[in-house]
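Novice: To start, I am sharing the structure in question, which I have written as structure tokens.
The values are calculated or read from the model by the stated rules, or taken from the named source; none is laboratory data. Note that the coordinates shown come from a computational prediction; the quantities given were computed from them, not determined experimentally. Virtual Cβ from ideal backbone geometry, glycine too; neighbours counted across all protein chains shown. For accessibility, only protein heavy atoms count, side chains too; no ligands or nucleic acids. Shrake-Rupley method; radii C 1.70, N 1.55, O 1.52, S 1.80 Å.
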Amino acid sequence: MSALQEKSQVFVAEPFQPESDTVIDCAVNKIYYGDFLAVRDSVVPIEKKKITGFIGPSGCGKSTVLRSLNRMNDLIDIFRFEGSVMYHGQDIYAKKVDPVVVRRYIGMVFQQPNPFSMSIYDNVAFGLRLNKYKGNMDERVETALKHAALWKEVKDKLKNSGLSLSGGQQQRLCIARAVATEPDVLLMDEPCSALDPIATRMVEELMLQLKENYTLALVTHNMQQATRVADTTAFFSVDISQGGRTGYLVEMGPTQQVFEAPRESLTKDYISGQFS
Amino acid sequence: MDDNAQNLIVDSARPTPQLSRKMMEPRALRNTLLTGITWAFAIIASIPLFSVIYMLLARGGSRLFSSGFVEVLTALPPAGLQQGGGFGNAIVGTLVMVLIASAISVPFGLMAAVYLSVLDPQSRLARATRLLTKTMTGFPSILAGVFVYAILVTSFGYSALAGGVALSVLMLPTVVLAAEEAMRQVPQKMKDAAYGMGCTRTQVVTKVVLPTGLPGILTGIMLAIAGAAGESAPLLFTALFSNYHLEHLSGEPAASLSILIYNFSGMPFANQLELAWAASLVLVLIVLAFNIVARLIGTPKI
């Protein structure tokens, strides 16, 4: 056990220094929902063109941290963020930063497939139209659907409603919609939890393809999924010692190291299925 | 485990299940009786509707579905003992006033509904507005007429415009509540997706919430229009009636079907009575048409 775990001091994970370039340097000091301290002391660097997986038990704050990376949490009135999220040298929580613009660079795929109630084509073209894209729309839509491994299944029914697709297809449509605008970073909040194993497999393969062009951050409940797709893994846990339920980063490192030779006993217990 | 095993019935001691239907059992009888009663009441409840339609068709249909129907639908109302004539001006008047009412109530109603459903659903203003709007749905229609009489007619006289304003007062709550409900049905995850794409709040409303809720919103508008088209009390104080074609929206009284029915049904002349029946049928058909349109657009398409 390398970290300081004396009773008087709160545990803080050893900082992870990635070898490759980072796109986002997230340093959470504290995240509050009203008076409730949801997450504390978590430094999470997101490496360029890699998949960073966030794992941990329910309520450990992994989704909260992920949603802080593109200011989605701002939609919750009582949310308060202390710390910094450096993106290309700018803190996205700086006063002058417009969260709406941040979200155009840092896209998001949600837990539940959430296509708009419009045609498949319009779903994918949505972000392009939003950004007043002037080029060849058909081409971009096709490319995005191909990137999302959905083109073959929908190319003859682009006019059909996005809601007419199956759950797995809807989620791939949402990924196509997110990548159509070619965002810098794609945040995925448990994208496979509502999907069956076959659809999950397809989305996982898709993530591995997408990392050639995009930086991905992935929250998952499924540890096997993290080992299958994530290059780097961040393990979060819940601290119930001080009466609250505060999440914090326990350990972060290359996925193989985290799973095969975890530094912290908490990590070891969690990945071996021994919950305290 | 062992305890349970001892409590189980031995297979040979288990009686053969009786699965055949027993009609005379109290349970089955009660079921049949209650089902019969609901049928009976459903039929009784629809008797007034069908008898009204039957009567309108029988008494108004003879004039409307005859060779003279063009005259009925276009000509001016006849005077006294005059034969023939029609109520073209009243059809135009009703449609024009409903149009004016929609032009006022739809934009106001939609804006209010956007505020209530998306911008700040839980604020004190929203709650007060919702309560007042719900109260307004039961607003006595004659009071809408008196209200507009006081603010418009006393200064500018009877007009189609005043009639439209009075109808808009009655349409507004229906439009607000229907549109709010339709927009509230838009799932939060769809709005999240729009925010996640980098939409501003205005764009979330215009590009996702309004288009997704559109069928429900249109249904509400159509039902409000259907309701307003049949109103007569508010028009008594605002549009009054006219025996001539509508030429100006303000400064002159305007005809409407409902007031024409009211006027003619009290007259001692057979011709006018017949026209009153025909006008009633036309009015019901107009209301029916709006309702059918509402049902057609309200059906969700996937």
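Novice: So, in region A:240-276, how many residues would count as being surrounded by 20 or more Cβ atoms within 10 Å (Cβ to Cβ), of a type in the set (Asp, Glu) and out of contact with any Phe, Trp or Tyr (no Cβ under 6 Å at 6 or more places or on another chain)?
Specialist: Matching residues across region A:240-276 total 1.
Novice: Within region A:164-183, which residues are away from chain B (no Cβ under 12 Å) and among the charged types (D, E, K, R)?
Specialist: A:172, A:182
Novice: Give me a count of the residues in region A:146-169 that are of a type outside the set (Gly, Ala, Ser) and either assigned to a loop (DSSP other than H, G, I, E, B) or within 21 Å of residue B:214 (Cβ to Cβ) (or both).
Specialist: Going through region A:146-169 one residue at a time, the tally reaches 9.
Novice: Also, quick follow-up: Across region B:88-136, what is the number of residues that are of a type in the set (S, T, N, Q), touching a helix residue (DSSP H, G or I) at 6+ places or on another chain (Cβ under 9 Å) and closer than 28 Å to residue B:189 by Cβ? Before the answer, list the steps.
Specialist: So the first thing to find is which residues in region B:88-136 are of a type in the set (S, T, N, Q), and the list is B:89, B:94, B:102, B:105, B:117, B:122-123, B:129, B:133, B:135.
Remaining after also requiring touching a helix residue (DSSP H, G or I) at 6+ places or on another chain (Cβ under 9 Å): B:89, B:94, B:102, B:105, B:117, B:123, B:129, B:133, B:135.
Still in the running and closer than 28 Å to residue B:189 by Cβ: B:117, B:123, B:129, B:133.
Adding up the residues that qualify gives 4.
Novice: A further question follows. For the structure I just gave you, tell me whether residue A:157 is charged (D, E, K, R) and either on the phi > 0 side of the Ramachandran plot or within 14 Å of another protein chain (Cβ to nearest Cβ) (or both). Before you say what the answer is, go through the steps one by one.
Specialist: Numbers: charged (D, E, K, R): yes; either on the phi > 0 side of the Ramachandran plot or within 14 Å of another protein chain (Cβ to nearest Cβ) (or both): yes.
Answer is yes for this residue.
Novice: Mind checking which helices (runs of 4 or more DSSP H) fall wholly inside region A:184-276 and carry at least 3 residues that are of a type in the set (S, T, N, Q)?
Specialist: On the way: elements: A:197-210, A:223-229, A:255-260, A:265-271.
Here the list reads A:223-229, A:255-260.
Novice: If you scan region B:274-302, which residues turn out to be modelled with pLDDT under 85 and either within 30 Å of residue B:85 (Cα to Cα) or not aliphatic (A, V, I, L, M) (or both)?
Specialist: Hits for region B:274-302 are B:295, B:298, B:299, B:300, B:301.
Novice: Of all residues in region B:116-135, how many are open to solvent by less than 40 Å² (accessible area, probe 1.4 Å) and within 20 Å of the chain's Cα centre (by Cα)?
Specialist: Qualifying residue count, region B:116-135: 2.
Novice: Any residue in region A:224-232 that is without any contact (Cβ under 8 Å) to a residue 24 or more places away in the chain and either of a type outside the set (A, V, I, L, M) or more than 25 Å from residue A:194 (Cβ to Cβ) (or both)?
Specialist: First pass over region A:224-232, keeping only residues without any contact (Cβ under 8 Å) to a residue 24 or more places away in the chain: A:224.
If we keep only those that are either of a type outside the set (A, V, I, L, M) or more than 25 Å from residue A:194 (Cβ to Cβ) (or both) as well, we get A:224.
Scanning region A:224-232, I find at least one residue that is without any contact (Cβ under 8 Å) to a residue 24 or more places away in the chain and either of a type outside the set (A, V, I, L, M) or more than 25 Å from residue A:194 (Cβ to Cβ) (or both), so the answer is yes.
Novice: While we're on this one: Filter region A:144-197 down to the residues that are β-branched (Val, Ile, Thr) and closer than 25 Å to residue A:63 by Cβ and list them by number.
Specialist: As a first pass, look at region A:144-197 and keep what is β-branched (Val, Ile, Thr): A:154, A:175, A:179, A:181, A:185.
Hits for region A:144-197 are A:175, A:179, A:181, A:185.
Novice: Please list, ordered by residue number, the helices (runs of 4 or more DSSP H) wholly in region B:222-302 having 3 or more residues that are away from chain A (no Cβ under 14 Å) and within 29 Å of residue B:179 (Cβ to Cβ). Quick ask: steps written out before the conclusion?
Specialist: Details: elements: B:233-236, B:257-265, B:270-298.
It comes to B:233-236, B:270-298.
Novice: Against the conditions (1) within 11 Å of chain B (Cβ to nearest Cβ); (2) closer than 19 Å to residue A:202 by Cβ; (3) in contact with a His (Cβ under 9 Å, 6 or more places away or on another chain), where does residue A:105 fall short? Just the number, please.
Specialist: Among (1) within 11 Å of chain B (Cβ to nearest Cβ); (2) closer than 19 Å to residue A:202 by Cβ; (3) in contact with a His (Cβ under 9 Å, 6 or more places away or on another chain), the lone unmet condition for residue A:105 is (2).
Novice: Go through region B:229-281 and report how many residues are of a type in the set (S, T, N, Q) and either over 16 Å from residue B:98 (Cβ atoms) or surrounded by fewer than 16 Cβ atoms within 10 Å (Cβ to Cβ) (or both).
Specialist: Step one: filter region B:229-281 for residues of a type in the set (S, T, N, Q), giving B:232, B:238, B:242-243, B:250, B:256, B:258, B:263, B:265, B:271-272, B:280.
Of the ones still in play, those that are also either over 16 Å from residue B:98 (Cβ atoms) or surrounded by fewer than 16 Cβ atoms within 10 Å (Cβ to Cβ) (or both) are B:242-243, B:250, B:263, B:265, B:271-272, B:280.
Total meeting the criteria: 8.
Novice: Just checking, which of A:173, A:195 is under 23 Å from residue A:115 (Cα atoms), modelled with pLDDT under 90, in contact with a helix residue (DSSP H, G or I) (Cβ under 6 Å, 6 or more places away or on another chain) and surrounded by 19 or more Cβ atoms within 10 Å (Cβ to Cβ)? Break it down into steps so the answer makes sense when it comes.
Specialist: Details: A:173 fails: modelled with pLDDT under 90.
None of the others qualify; the one that does is A:195.
Novice: Okay, next question. Among what's in region B:182-202 and is more than 7 Å from chain A (Cβ to nearest Cβ) and in contact with a Gly (Cβ under 7 Å, 6 or more places away or on another chain), pick the residue that is most open to solvent (accessible area, probe 1.4 Å).
Specialist: B:185
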